[in-house]
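No value in this document is a laboratory result; all are computed from the given coordinates. All figures in this text were calculated on a predicted structure; none of them were measured in a lab. Neighbour counts run over all protein chains shown; Cβ positions are idealised from the backbone, glycine included.
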Amino acid sequence: MSGTEFEEFIYDLFKKMGYSVNLTPSSGDQGIDIVAVKNGLRIGIQTKCYSNSVSNKAIQEVVAGVKHYQLSKAIVITNNFFTKSAIALAQSNDVVLWDRSMLEVKINDFYK
């Protein structure tokens, strides 16, 4: 699955979860790939389809996008896992992380 296909899959998943979703521009997205809105909550989502663990660079990018898009919350979603550094940075910046285990749970919840 390509990065674009993964982004589109996550877009569809959040639609199934009842969110109104919009893709951001493919270039210059300020670290946010998808904006999902539900019950007044604006969530910025960055997707990472990687063969290795996601580093703290992804967290830095999504943190920058929170103010730009006036978001309530940020989530980084990957098909893999996160480095210890990424987890620590996410915790100190209130960024939610979905690794492949959490993603599998959500897929099972909404695609059955």
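Look at E104 and say whether it is touching a Gly at 6+ places or on another chain (Cβ under 6 Å) and outside any strand (DSSP E or B). So E104 fails the test. Residues that are of a type in the set (V, I, T) and either more than 18 Å from N80 (Cβ to Cβ) or in contact with a Cys (Cβ under 9 Å, 6 or more places away or on another chain) (or both) within region 1-33 comprise T4, V21, T24, I32, listed in sequence order. Which residues, taken from region 33-80, are farther than 14 Å from G3 by Cα and either in contact (Cβ under 8 Å) with a residue 60 or more places away in the chain or of a type in the set (D, E, K, R) (or both)? If the condition is that a residue be farther than 14 Å from G3 by Cα and either in contact (Cβ under 8 Å) with a residue 60 or more places away in the chain or of a type in the set (D, E, K, R) (or both), then K38, R42, K57, E61, K67, K73 are the ones that fit.
Yes/no matrix, rows are residues, columns are (1) loosely packed, with under 14 Cβ neighbours inside 10 Å; (2) under 12 Å from the mean Cα position of the chain (by Cα); (3) aliphatic (A, V, I, L, M):
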{"position": "N56", "(1), (2), (3)": "no, no, no"}
{"position": "G65", "(1), (2), (3)": "no, yes, no"}
{"position": "Q70", "(1), (2), (3)": "yes, no, no"}
{"position": "V76", "(1), (2), (3)": "no, yes, yes"}
{"position": "A88", "(1), (2), (3)": "yes, no, yes"}
